[in-house]
Ligand code: GTP
Ligand code: MG
């Protein structure tokens, strides 16, 4: 059965959306395999966002993801990777459809509520980073 890594980002925690987001995952039939609240270290942020290292928004992205507690989860289920991506909505909350997590709880690109692995390979890598 497929696993994916997902993380409620600091703004999602700060704005009180943890329960509502987890409820959506459970309602979609995803099973919570691991769940932990805590900070993201500089090392974890750098590893998770290595693909964006040369982008202009990289430093802000790392500062934001390490700015406060997050909720780290491993979810499992049939097609879990794609299911979570669909529930999340578009990267920019301004473009995310109503009914998606980013569409309902996000406002701006820099604080977009939730992270989800974009492939099975990413999921395996990210689970290793956050649940070593
Ligand atoms: P994640 O689930 O967080 O990985 O989002 P994603 O897969 O939808 O997007 P992507 O991996 O391409 O980008 C990672 C994160 O970088 C996004 O969630 C955004 O917060 C941020 N980001 C991506 N592109 C931009 C951009 O053009 N400008 C800014 N400010 N942030 C960006
Ligand atoms: Mg991504």
Exercise for the section: Inspect all residues belonging to the range 73-87 and state whether any of them is crowded, with 18+ Cβ neighbours inside 10 Å and modelled with pLDDT under 95. Expected result: no
Exercise for the section: Could you tell me which of the residues 102, 85 is within 16 Å of ligand 2 (Cβ to nearest atom), touching a residue at least 24 places away in the same chain (Cβ under 8 Å) and either out of contact with any strand residue (DSSP E or B) (no Cβ under 6 Å at 6 or more places or on another chain) or outside any loop (DSSP other than H, G, I, E, B) (or both)? Expected result: 85
Exercise for the section: Mind listing whichever residues of the range 33-58 are surrounded by fewer than 15 Cβ atoms within 10 Å (Cβ to Cβ) and touching a strand residue (DSSP E or B) at 6+ places or on another chain (Cβ under 6 Å)? Expected result: 34, 35, 36, 37
Exercise for the section: Scan the range 97-108 residue by residue and report those that are within 14 Å of ligand 1 (Cβ to nearest atom) and surrounded by 15 or more Cβ atoms within 10 Å (Cβ to Cβ). Expected result: 100, 101, 102, 103, 105, 106
Exercise for the section: Inspect the range 27-40 for any residue being assigned to a loop (DSSP other than H, G, I, E, B), away from ligand 1 (no atom under 12 Å from the Cβ), more than 17 Å from residue 11 (Cα to Cα) and out of contact with any helix residue (DSSP H, G or I) (no Cβ under 9 Å at 6 or more places or on another chain) and give the result as yes or no. Expected result: no
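The values are calculated or read from the model by the stated rules, or taken from the named source; none is laboratory data. Quick caveat: nothing in here was measured; it's all calculated off a predicted structure. As a convention, Cβ positions derive from the backbone with ideal geometry for all residues, glycine included, and neighbour counts pool all protein chains shown.
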